[in-house]
1. Run through every distinct alpha carbon pair of region 248-365 and return the Kirkwood hydrodynamic radius in angstroms, one decimal place.
2. Rg and Dmax in Å for the chain, alpha carbons only: what are they?
3. Tell me the Kirkwood hydrodynamic radius of region 210-314 in angstroms, computed as one over the mean inverse distance between distinct C-alpha pairs.
4. Using 7 Å Cα-to-Cβ label points, what is the Arg2/Arg197 separation (nm, one decimal)?
5. To two decimal places, what compactness ratio does region 241-294 give when its Cα radius of gyration is scaled by 2.2 N^0.38 Å?
6. Compute the helix-to-body angle for 102-113: its Cα long axis versus the longest principal axis of the chain, expressed 0 to 90° and rounded to tens.
7. By average Cβ neighbour count within 10 Å, what is the ranking of 39-48, 152-161 from highest down?
8. Can you list the residues, at least 5 places off or on another chain, whose amide H is less than 5 Å from the amide H of Val246, using H built in the peptide plane?
Amino acid sequence: MRIVVSGGGTGGHIYPAMALIKRLKERNLVDEVLYVGTEKGLESKIVNNAGIPFKTIEIRGFKRKLTFENVKVMQLFLSSVRKSKKIIKEFDPDVVIGTGGYVSSAVVYAAHRLHIPTVIHEQNTIAGITNKFLGHFVDKIAIAFKEAQDQFSEKRKIVFTGNPRAQEVAKIEKNTRLEDYELKADKPTVMIFGGSRGAAPINKTTIESLERFSKSDYQLLFVTGRVHYDDVIKKIDSKSLNMDNVSVQPYIDNMPEILPDISLIVGRSGATSIAEITALGIPAIFVPSPYVTHDHQTKNALSVAKNGAAVMIPESDLTSESLYSEVNKIMSSEDLRDKMSTASKEIGVPDASDKLIKVLTDLVK
């Protein structure tokens with residue numbers, strides 16, 4: 001196939017697209033791939049670093065309030081559709097897929113206008129404004145949470161595929177990477193991680209709980225996020241910092257590699273994180289970010305928690321007592337962890353990329 005991929009703005013839109021491209025190449029199913037994004041978006045760095053052909057358009061999102069600025073945004077959208085048509089005609093793809101973000105709206109809509117098969121992939125339980133718009137025009141709507149089907153009126157177009165990121169991590173096996181962070185590779189380990197930039201409320205609560213964690217019979221890997229690391233270190237009591245079973249790190253490079261050795265994850269409930277966690281069957285405690293659009297992280301977390309695979313603590317209820325209590329309850333019972341792991345694997349989609357590829361190849365046929 002010749003395929004155009006578009007998605008940008010956040011890693012949650014970009015990494016599933018990258019995982020899909022990687023799997024297409026592994027299966028020798030793609031002759032040429034072109035990624036269309038924005039010059040200033042995160043995708044520019046990620047895609048170029050991966051050596052994937054990359055072209056850009058200029059586009060911005062609509063303001064949620066009625067404003068004259070939206071007139072300019074509409075004009076920019078129309079011009080970006082024209083540029084997208086030019087890019088698509090020159091590349092001549094068999095299929096076009098959008099994984100979310102404003103940039104994909106122009107690219108996928110342009111492909112629809114050119115009568116090229118189109119697919120969108122929605123990673124969250126609550127569909128983004130771009131995918132809701134595109135749902136009316138595309139040939140297929142791939143979803144990663146079954147709850148997302150309620151977000152689209154075109155039910156016949158919907159296909160459950162899971163998130164391609166799941167397949168990328170599903171085959172990673174246990175290893176000794178914990179030793180890189182001065183922890184034991186064979187000891188039960190909790191990882192607390194608020195995302196690549198970290199999460200101040202999670203960091204604050206973890207700092208307050210460290211003394212108790214340092215006395216536990218399990219290990220703690222506390223990943224602060226690079227921007228918070230120096231401040232966190234200043235606030236930690238030196239006794240806790242020097243305990244053998246506590247490791248404080250700014251970030252973990254190639255995070256998926258370490259996941260098979262983690263017994264319990266505490267963190268946000270973004271779509272990519274959930275895809276990885278459930279593919280590997282890792283018990284989780286989710287503290288959803290209340291600052292995301294439509295509070296979709298809470299809906300994501302509830303989707304996993306209702307199956308017994310995770311526990312959710314709203315950020316408003318997050319205290320050192322609630323955090324330590326939930327962590328200790330799970331880490332004190334191997335039987336509970338096994339049950340949560342089984343429940344997690346039951347909702348994981350370790351062949352998500354292949355499922356999405358089938359949607360693409362069926363359309364091309």
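1. Kirkwood hydrodynamic radius for region 248-365: 15.3 Å.
2. Taking only Cα atoms of the chain, I get Rg and Dmax of 21.3, 65 Å.
3. Numbers: mean 1/r = 0.0666 Å⁻¹.
Final number for the Kirkwood radius of region 210-314 is 15.0 Å.
4. 3.8
5. Details: Rg = 12.9 Å, N = 54, 2.2 N^0.38 = 10.0 Å.
Taking N as the residue count of region 241-294, the ratio is 1.29.
6. 30
7. Ranked from most to least packed, the peptides come out as 39-48, 152-161.
8. Leu220
The values are calculated or read from the model by the stated rules, or taken from the named source; none is laboratory data. Here the structure is a predicted model, which means the values were calculated and not measured. Quick reminder, even Gly has a Cβ in these numbers, built from the backbone with ideal geometry, and neighbours come from all protein chains shown. Only protein heavy atoms, including side chains, enter the accessible area calculation; ligands, DNA and RNA are left aside. Shrake-Rupley method; radii C 1.70, N 1.55, O 1.52, S 1.80 Å.
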